[in-house]
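Q: A single structure is presented below for examination.
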Amino acid sequence: MKMLDKKVAIVTGAGSGIGHAISLLYAVEGAKIVVSDIDEKGGNATVSDIKGKGGEAFFVKADTSKPEDSKALVEQTVKQFGGVHLAVNNAGIGGPQAVTGEYPIEGWDKVISINLSGVFYGMRYQLPAMQASGGGAIVNVASILGKVGTRLSPAYAAAKHGVIGLTEAAALEYADKKIRINSIGPGYIVTPLLTKSLNDAAMKALVSLHPMGRLGASEEVAELALWLASDKASFVTGSYYNVDGGYLAQ
């Protein structure tokens with residue numbers, strides 16, 4: 001039997017990169033996928049890829065910074081597939097780069113609203129639906145910058161640290177309710193979000209920060225997310241797992 005057979009999964013930020021890879025792998029392992037993103041083209045492409053592999057999926061356009069969108073996303077999922085068993089709160093942005101004393105206020109607000117509040121809004125509506133469905137598992141995508149800081153990205157680091165704390169708090173609350181909640185911390189992964197914003201010299205500099213001498217692939221992150229969503233991780237909740245080529249071990 002497939003690892004996620006007959007499960008229903010919501011994946012945010014699923015139009016590209018890590019979200020796309022997780023959606024596809026979950027579908028291959030038997031889950032019905034609700035693909036969510038603000039990018040309609042990317043989201044529909046992910047749905048097409050899933051259907052091309054023989055999976056079942058549909059797309060819902062949603063902005064994670066808007067609680068009403070998260071509510072509607074869960075409602076559409078339940079209406080279409082009858083419940084919610086799994087969720088991956090993955091949507092996020094990098095935001096502006098500046099030192100803290102000069103960081104643009106609007107940039108701060110946007111990063112926090114998408115990267116941190118968006119995870120809360122997601123869980124706020126996913127959790128009651130999961131309880132009604134008999135239990136489930138949530139994977140929140142944090143970052144290596146949820147454990148350490150970095151120059152010029154105070155909002156991103158603050159949001160990702162917050163995701164880990166939020167995950168731990170919710171995991172304690174729902175540990176006796178058959179819902180497991182964990183977070184993962186990708187290192188620098190080759191995704192459109194990264195490659196569009198960096199030149200070759202900057203990419204080489206990032207590679208040098210990873211002891212394994214390369215950046216990660218979205219599919220490698222997806223494998224961790226799959227394990228955490230599956231019954232193989234049945235005694236795992238409130239945990240943070242980094243997948244970073246040794247970055248945090250330094």
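Q: Residues being over 21 Å from SER113 (Cβ atoms) and in a helix (DSSP H, G or I): count how many of those fall in the range 174-194.
A: Here the count works out to 6.
Q: Conditions: (1) in contact (Cβ under 8 Å) with a residue 60 or more places away in the chain; (2) out of contact with any helix residue (DSSP H, G or I) (no Cβ under 9 Å at 6 or more places or on another chain); (3) not in a helix (DSSP H, G or I). ALA171 meets all but one. Number of the miss?
A: So the condition that ALA171 fails would be (3).
Q: Let me ask something else. Being in a strand (DSSP E or B), under 13 Å from the mean Cα position of the chain (by Cα), of a type in the set (Val, Ile, Thr) and on the phi < 0 side of the Ramachandran plot is true for just one of VAL60, VAL119, VAL88. Which residue is that?
A: VAL88
Q: Specify which of the listed residues (SER197, SER153, SER218, SER239) is out of contact with any Asp or Glu (no Cβ under 8 Å at 6 or more places or on another chain) and at pLDDT below 95.
A: Only one candidate passes the filter, namely SER197.
Q: Name every residue in the range 206-240 that is surrounded by fewer than 19 Cβ atoms within 10 Å (Cβ to Cβ), in contact with a helix residue (DSSP H, G or I) (Cβ under 6 Å, 6 or more places away or on another chain), in contact (Cβ under 8 Å) with a residue 40 or more places away in the chain and within 16 Å of ASN89 (Cα to Cα), in order of residue number.
A: Residues satisfying the conditions are GLY238, TYR240.
Q: Taking the condition of being over 14 Å from PHE120 (Cβ atoms), of a type outside the set (Gly, Ala, Ser) and more than 19 Å from the chain's Cα centre (by Cα), how many residues in the range 137-173 meet it?
A: Summing the residues that are over 14 Å from PHE120 (Cβ atoms), of a type outside the set (Gly, Ala, Ser) and more than 19 Å from the chain's Cα centre (by Cα) in the range 137-173 gives 5.
Q: Search the range 167-196 for residues being basic (Lys, Arg) and out of contact with any strand residue (DSSP E or B) (no Cβ under 9 Å at 6 or more places or on another chain), and hand back the single one that is surrounded by the fewest Cβ atoms within 10 Å (Cβ to Cβ). Working first, answer last.
A: The initial filter retains those residues of the range 167-196 that are basic (Lys, Arg), namely 177-178, 180, 196.
Adding the requirement that they be out of contact with any strand residue (DSSP E or B) (no Cβ under 9 Å at 6 or more places or on another chain) leaves 177, 196.
Values: LYS177: 12, LYS196: 7.
Checking each candidate, the answer is LYS196.
Q: Looking at LYS41, LYS32 in this structure, which one is more than 24 Å from TYR125 (Cβ to Cβ) and either surrounded by fewer than 24 Cβ atoms within 10 Å (Cβ to Cβ) or at pLDDT 95 or above (or both)?
A: Within the list LYS41, LYS32, the selection yields LYS41.
Q: Which of the residues belonging to the range 122-155 are surrounded by fewer than 24 Cβ atoms within 10 Å (Cβ to Cβ), within 30 Å of VAL99 (Cβ to Cβ) and of a type in the set (Ser, Thr, Tyr)?
A: Matches in the range 122-155: THR150, SER153.
Q: Suppose we keep only residues that are basic (Lys, Arg) and in a helix (DSSP H, G or I) within the range 29-57. Which one would you say is nearest to ILE114 (Cα to Cα)?
A: LYS41
Q: Another question, then. Assuming GLY134 fulfils every condition listed in (1) under 28 Å from ALA31 (Cα atoms); (2) of a type outside the set (D, E, K, R); (3) in a loop (DSSP other than H, G, I, E, B); (4) under 19 Å from the mean Cα position of the chain (by Cα) apart from one, which condition is it?
A: With (1) under 28 Å from ALA31 (Cα atoms); (2) of a type outside the set (D, E, K, R); (3) in a loop (DSSP other than H, G, I, E, B); (4) under 19 Å from the mean Cα position of the chain (by Cα) applied to GLY134, the lone miss is (4).
Q: What is the one condition in (1) in contact with a Gly (Cβ under 7 Å, 6 or more places away or on another chain); (2) part of a helix (DSSP H, G or I) that GLY15 does not satisfy?
A: GLY15 satisfies all of (1) in contact with a Gly (Cβ under 7 Å, 6 or more places away or on another chain); (2) part of a helix (DSSP H, G or I) except (2).
The values are calculated or read from the model by the stated rules, or taken from the named source; none is laboratory data. A quick note: this is a predicted structure, and the numbers were derived from the prediction, not measured. Please note: Cβ atoms are built from the backbone with ideal geometry, for glycine as well, and neighbour counts cover all protein chains shown.
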